[in-house]
1. Between Val145, Val153, which is touching a helix residue (DSSP H, G or I) at 6+ places or on another chain (Cβ under 9 Å) and of a type outside the set (Gly, Ala, Ser)?
2. Yes or no: Arg69 modelled with pLDDT under 95, under 23 Å from Phe125 (Cβ atoms), open to solvent by 20 Å² or more (accessible area, probe 1.4 Å) and of a type in the set (Lys, Arg)?
3. In the stretch 72-108, what residues are touching a Phe, Trp or Tyr at 6+ places or on another chain (Cβ under 9 Å), outside any helix (DSSP H, G or I) and among the hydrophobic types (A, V, I, L, M, F, W, C)?
4. Gly265: at pLDDT below 55, touching a strand residue (DSSP E or B) at 6+ places or on another chain (Cβ under 9 Å) and of a type in the set (Gly, Ala, Ser), yes or no?
5. Within the group Arg168, Arg214, which residue is over 21 Å from Arg113 (Cα atoms), open to solvent by 30 Å² or more (accessible area, probe 1.4 Å) and out of contact with any helix residue (DSSP H, G or I) (no Cβ under 6 Å at 6 or more places or on another chain)?
6. Of everything in the stretch 135-158, what is more than 19 Å from the chain's Cα centre (by Cα) and surrounded by fewer than 19 Cβ atoms within 10 Å (Cβ to Cβ)? Give them in sequence order.
7. Tally up the residues in the stretch 53-65 that are without any contact (Cβ under 8 Å) to a residue 40 or more places away in the chain, touching a Phe, Trp or Tyr at 6+ places or on another chain (Cβ under 6 Å) and not basic (Lys, Arg), please.
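The values are calculated or read from the model by the stated rules, or taken from the named source; none is laboratory data. Note that the coordinates shown come from a computational prediction; the quantities given were computed from them, not determined experimentally. Note that we place each Cβ from the backbone using ideal geometry, even for glycine, and neighbour counts take in every protein chain shown. Note: areas computed on protein heavy atoms with side chains; ligands, DNA, RNA excluded. Shrake-Rupley method; radii C 1.70, N 1.55, O 1.52, S 1.80 Å.
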Amino acid sequence: MSAAQRRRLNPLSQETESDDSGILNECVLLLVFESIKWDLQVLCLTASVNRKLRAIAKRLLWRKLCVYRAPRMVSALVNGSPNGRIGGGWDALAKLMFFCCGCESTRNFKLSRPSPGHFAGASRFSKTSGRSFLTKKCRADLLFVSDPCEHPVGDKEDDLGIYRGVFRGFLRSNTRAFLIGRQVAFDDRVRCPYCGTRVWSMTAARLVPKSAARRLGSRDGRLEYFVCVNGHLHGTCWLVPLSSDEENCEEVEEEEDEDGGDFNGEAYKKHEKVTNGTGSRSSLMF
């Protein structure tokens, strides 16, 4: 049976395809999301409808979301190129920007119980903070790192800090060249929570400068972080309790800091309530 005969016998299917074409039209989708200021909850739900919409989100919508929410940071990561590529994909970068990955015990960082991941109500990424995570030989690299997300653990323990970051052009970075030159092995237990690729433990590689602990508000030897093959960083630390005077000094320092992105919106908090109610991370369609 020819295609013309099938259309005559089943006109309803032709009408359905015509209806779907509006939803799948990229210009229409862009206008819709621009009108709602790139609401993260709506974008997650849209990407979960079917494979076609998920493919459009992966190819186009996640990039637009990242550019809308953190234009300076994204411009720096792609060297100002509007069609630049990001290691691991734009969906992984969007997840890194808005999602605290939680943590479990590792070889070098022990926890009494795992801490679950969640959407971050507000996040600030700074390349000034990123420089504190680079050794002197790697200071030419560009790295954005978030402020630590504080997770209370117990009355007798310090708060747990969970942070994340991303390198620009990691394939050409001094950090990657140093890891490969030293023949540092991948960690056999940990995977990147944002793109699923293998990671290096910077603690095992002895590439954790003392400035990283100071920047986080931790102590030397009480933190660990990993970097994946796509340049995504995630890590944990024990946060030192601050006195009121120290907190005031810290606030002044961060106001003067040169940052790359500050994401704060009710849409993320609203979505956190929706997703965290089930405790499931599989519903996040990044």
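1. Among Val145, Val153, only Val145 is touching a helix residue (DSSP H, G or I) at 6+ places or on another chain (Cβ under 9 Å) and of a type outside the set (Gly, Ala, Ser).
2. The answer is yes for Arg69.
3. Phe99, Cys100, Cys101, Cys103
4. Yes: the conditions hold for Gly265.
5. The conditions single out Arg214.
6. Thr135, Lys136, Lys137, Arg139, Ala140, Pro152, Val153, Gly154, Asp155, Lys156, Glu157, Asp158
7. Qualifying residue count, the stretch 53-65: 1.
Yes/no per residue for (1) of a type outside the set (Asp, Glu); (2) modelled with pLDDT of 90 or more; (3) on the phi < 0 side of the Ramachandran plot; (4) open to solvent by 30 Å² or more (accessible area, probe 1.4 Å):
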position: Leu96; (1), (2), (3), (4): yes, yes, yes, no
position: Cys101; (1), (2), (3), (4): yes, yes, yes, no
position: Ser105; (1), (2), (3), (4): yes, yes, yes, yes
position: Arg113; (1), (2), (3), (4): yes, no, yes, yes
position: Gly117; (1), (2), (3), (4): yes, yes, yes, no
position: Ser123; (1), (2), (3), (4): yes, no, yes, no
position: Gly130; (1), (2), (3), (4): yes, yes, yes, no
position: Phe133; (1), (2), (3), (4): yes, yes, yes, no
